[in-house]
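To start, the structure itself, in structure tokens.
The values are calculated or read from the model by the stated rules, or taken from the named source; none is laboratory data. Given the structure is predicted, the values throughout are model-derived calculations rather than measurements. Cβ placement follows ideal geometry from the backbone for every residue including glycine, while neighbour counts extend to all protein chains displayed. Heavy atoms of the whole protein, side chains included, go into the accessibility calculation; ligands, DNA and RNA do not. Shrake-Rupley method; radii C 1.70, N 1.55, O 1.52, S 1.80 Å.
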Amino acid sequence: MQREVTFKVKVRYRGEVFEFNESMSVNKLLKKFSLTRGEAVVVRNGTITTEDELLLPDDDVRIINTVSGG
């Protein structure tokens, strides 16, 4: 009998924790929240990521909105 292995990528955004049942790129994560790289940055394990980096279940992931003004 095979056990199904399930994992979740946990993402903190605006005070809430969201869980996804798949690993994904930073770009895909931003799309799930309808965000662009100009609107937010993704921090993984304390380091700002690039759009093509892969997020994994053990990562500490946060989305932080950027602030701009004029």
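Pairs under 7 Å by beta carbon, first residue within 14 Å of Arg62 (Cα to Cα) in segment 19-39, partner among the small types (Gly, Ala, Ser), six or more apart or different chains?
That search, which allows pairs on different chains as well, returns Leu30/Ala40.
I need every pair where a residue in segment 42-66 that is open to solvent by 70 Å² or more (accessible area, probe 1.4 Å) has its Cβ under 8 Å from the Cβ of a residue that is of a type in the set (Asp, Glu), sequence separation at least 6 or different chains.
Asn45/Asp59; Asn45/Asp60
How many residues does segment 51-69 contain that are assigned to a strand (DSSP E or B) and polar (S, T, N, Q)?
Here the count works out to 1.
Could you check segment 5-18 and list, in sequence order, the residues that are over 11 Å from Leu56 (Cβ atoms), among the aromatic types (Phe, Trp, Tyr) and either open to solvent by 50 Å² or more (accessible area, probe 1.4 Å) or outside any strand (DSSP E or B) (or both)?
Correct list: Phe18 only.
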